[in-house]
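Presented below is the structure to which this report refers.
Bear in mind these aren't lab numbers, they're just calculated from the coordinates by the rules spelled out. Small disclaimer: the values here were computed from a predicted structure and weren't measured. With ideal geometry, Cβ positions are generated from the backbone for all residues, glycine too; neighbour counts draw on all protein chains shown.
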Amino acid sequence: MDGSHTPPLTFTHTRLLVPNYRECFQFYRDVLGFEVDWGDEDGGYADFRTGATTLALFDSAAMADVVGGGDEPLDGAQRDDVTLVFGVESVDETYERLNADVAFITEPHDQPGWGIRVAHFRDPAGTLVEINEPLADVDVTE
């Protein structure tokens, strides 16, 4: 394998999907001392600077609304509590490349409020995985 090969997916975030967003936000900011890169106590989503990767918090009900299922358990288990997030150059191209081998939960779609285009699937153990790319000309601070 050539050392210049760039992986088609780049691990960018571990996103914790939490039912008690404000309490978790305060814990990661105030107790563990992580600097907030994006978000606040009331927004339902935040990114924390933790080094090479981002630790994100997201309200679990909001994520369930995106991938389906709402408050319903998944196959008898509890609702998702983590999402592995991978950045890609093109969600649509990656979706097409993986679609024969991966059962996608969501097709590629824009999430303007998040500033990204996304698609979701699960690994063989059931872990929620997101692929995303930034949307051009979207201001998520409004």
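What's the local net charge at ASN99, with K and R +1, D and E -1, over the other residues with C-beta under 11 Å away? Before the final figure, lay out the partial values.
Details: positive: ARG97; negative: ASP92, GLU93, GLU96, ASP101, GLU107.
Residues near ASN99 contribute -4 overall.
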Output wanted: per-residue J couplings in Hz (rounded whole) for the stretch 103-111, from phi through Karplus 6.51 cos²θ - 1.76 cosθ + 1.60, θ = phi - 60°, x for Gly and Pro. 8, 5, 8, 10, 7, x, 7, 7, 10
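If we count every other residue with Cβ under 11 angstrom of THR10's Cβ, Lys/Arg +1 and Asp/Glu -1, where does the sum land? All intermediate terms of the calculation are to be shown ahead of the outcome.
Working: positive: none; negative: GLU89, GLU133.
In short, -2.
Using a simple charge model, +1 on the beta-carbon of Lys and Arg, -1 on the beta-carbon of Asp and Glu, nothing else, what dipole does the stretch 89-136 show about its Cα centre, in debye to the nearest 20?
Details: 3 positive and 10 negative charges, 34 e Å.
That gives the stretch 89-136 a dipole magnitude of about 160 debye.
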Suppose each label sits 7 Å from its Cα in the direction of the beta carbon; what would the THR50-LEU135 distance come out to in nanometres? 2.6
Take PHE104 and ASP123, extend 7 Å from each Cα along the Cα→Cβ direction, and tell me the distance between the two endpoints in nm. 2.1
